[in-house]
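The values are calculated or read from the model by the stated rules, or taken from the named source; none is laboratory data. Being a predicted model, the structure only gives us computed values, none of them experimental. Glycine gets a Cβ as well: all are built from the backbone with ideal geometry, and neighbour counts include every protein chain shown. Surface areas here come from the heavy atoms of the whole protein model, side chains and all, with no ligands, DNA or RNA. Shrake-Rupley method; radii C 1.70, N 1.55, O 1.52, S 1.80 Å.
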Amino acid sequence: MSGGLLLVHGDDSFGIDAALAEFATKAEVDGRTEIVPVASPDEAAIDRARLEAGMIGMFGAPLTVLRQPLRAAGRSNAAADKLLALLAGLPEGSALALAELRPSREVGRPPALLKRLADAVIARGGQVDERPAPRRNELQAWIRSHAQSTGVAIEPRAAALLAERIGGAAWESDIERGEQTRVADGELRKLATYAGDRPIAAADVDALVTDTRPASLFAITNAIDRREPAAAAAAVERAIGEGQPVLRIMGALEARLADLIVARDLLAAGATSQDLTKRVGRGNARMAERIAEAARRYTAAELEAMLHGLFEADLAIKANASDEEPALVAWLGEYLLATRTTRG
């Protein structure tokens with residue numbers, strides 16, 4: 001009889017599933033039950049996990065997987081206590097895994113209950129496994145390592161291009177990376193079938209892998225900061241394609257343009273770096289410096305015209321005079337793509 005206890009968490013969905021598979025093999029389980037909360041809190045899911053984990057048959061224990069235990073606990077102290085009691089009262093020989101997939105934007109700010117769960121798992125002799133998704137410029141190395149572990153030969157240039165197509169070079173903090181490694185695994189399998197006995201080449205990736213770089217509102221505003229109209233238009237197109245609400249995109253643009261106008265006015269008035277930090281950096285001196293640098297790339301008239309154009313587009317949408325996407329595209333064409341990309 002083996003069994004065991006695992007808490008696996010992070011923003012890498014594929015990595016979390018791999019950790020569960022490794023745990024199941026090590027625990028020598030007999031079957032597997034998945035429990036997913038349908039509400040938050042969901043004490044019924046915790047109760048079911050306790051019952052399932054307590055069933056030890058003649059041929060060993062089945063693996064009970066409680067997905068999103070933090071969602072099951074919610075903001076209920078009673079549900080959190082029940083979840084911790086589940087770990088404390090786990091029978092010997094049981095096999096229980098808690099799998100918490102975190103949003104990428106929140107993975108660096110774990111809630112207090114996650115730390116309490118980790119401590120409780122360790123106290124019971126269990127294992128805590130963190131599976132973060134590869135960050136900027138880390139996906140290429142992951143692809144090469146994963147290809148080697150699965151017996152797939154891939155040329156370095158092909159791995160670099162595959163990582164780029166999936167979004168491995170994206171650095172914005174608001175993009176979700178949870179499915180990037182799963183996508184990479186699927187693309188590697190497809191490419192390996194296509195390449196046959198030879199290594200996967202960059203030409204194979206170029207022919208078979210579509211651009212699935214994740215959308216980011218930060219990518220849009222950063223392109224505005226750098227005064228790169230084509231990059232901004234591409235980021236807007238990607239965001240719309242992924243289902244980002246147009247009004248949310250316009251709200252992000254309006255907020256950034258307003259900051260640039262304020263920064264330019266402060267610079268013209270001889271404001272200090274402390275004033276910039278307070279007014280446009282929200283206390284972040286580095287952010288204030290970036291916004292001030294971006295404001296210098298535009299004239300005051302250009303920024304005011306761009307913001308006024310956004311307000312007009314917003315009014316047209318809310319008055320049903322224009323659909324959302326055409327209004328935003330028209331603004332891009334008139335106020336961004338039609339302007340000069342550099343200033344004299």
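Here are the numbers for this structure:
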item	result
Other-chain or far-sequence residues with amide H under 5 Å of Asp129's (modelled H)	Leu7, Val8, His9
Fraction of beta bridges assigned by DSSP in the chain that are antiparallel (%, nearest 5)	5 percent
Cα shape, the stretch 12-122, gyration tensor, a/c 1.5 rule	oblate
Residue-by-residue Karplus 3J(HN,Hα) for the stretch 112-126, coefficients 6.51, -1.76, 1.60, Hz, glycine and proline x	4, 5, 4, 5, 5, 5, 4, 5, 5, 5, 5, 4, 8, x, x
Dipole of the stretch 227-344, positive end: most advanced residue of Ala234, Ile249, Ala300 [Cβ charges, Cα centre]	Ala300
Heavy atoms of Phe218: accessible area, 1.4 Å probe, square angstrom to 10	90 Å²
Net charge dipole size for the stretch 178-286 [Lys, Arg +1 and Asp, Glu -1 on Cβ; Debye, nearest 20]	420 debye
Estimated dipole of the stretch 1-75 in Debye, rounded to 20 [Cβ of Lys and Arg +1, of Asp and Glu -1, Cα centre]	180 debye
Descending semi-axes in Å of the stretch 89-206, equivalent ellipsoid built from Cα gyration tensor	35, 19, 9
Ala255-Ser76 FRET efficiency (beta carbon distance; Förster radius 41 Å; 0.05 resolution)	0.70
Cβ-based charge dipole, the stretch 33-103, positive-most Cα from Ser40, Ala61, Leu84	Ser40
Rel. contact order, % - alpha carbon contacts under 8 angstrom, at least six apart, the chain	14 percent
Translational diffusion of the stretch 243-321, µm² s⁻¹ [Kirkwood Rh, Cα pairs; Stokes-Einstein; 37 °C; 0.692 mPa s]	246 µm²/s
Pairs of Cα atoms farther than 26 Å apart, the chain, %	63 percent
Student exercise, the stretch 233-344 dipole from Lys, Arg, Asp, Glu Cβ charges, in Debye to nearest 20	600 debye
Probe 1.4 Å, accessible area per residue of the chain, Å²	50 Å²
22 Å Cα-Cα reach of Lys82 towards lysines, excluding residues that sit fewer than 8 places from it in its own chain	Lys115
Surface share of carbon and sulfur [accessible, 1.4 angstrom probe, percent] for the chain	52 percent
Cross-link partners of Lys190 among aspartates and glutamates (Cα-Cα below 18 Å; sequence separation of 8 or more within a chain)	Glu155, Glu164, Glu179, Asp204, Asp206, Asp211
Simple spin-label estimate for Arg182 and Gln127 in nanometres, 7 Å along Cα-Cβ	2.2 nm
Ranked packing of 316-326, 156-166, 34-44, most packed first, by mean Cβ within 10 Å	156-166, 34-44, 316-326
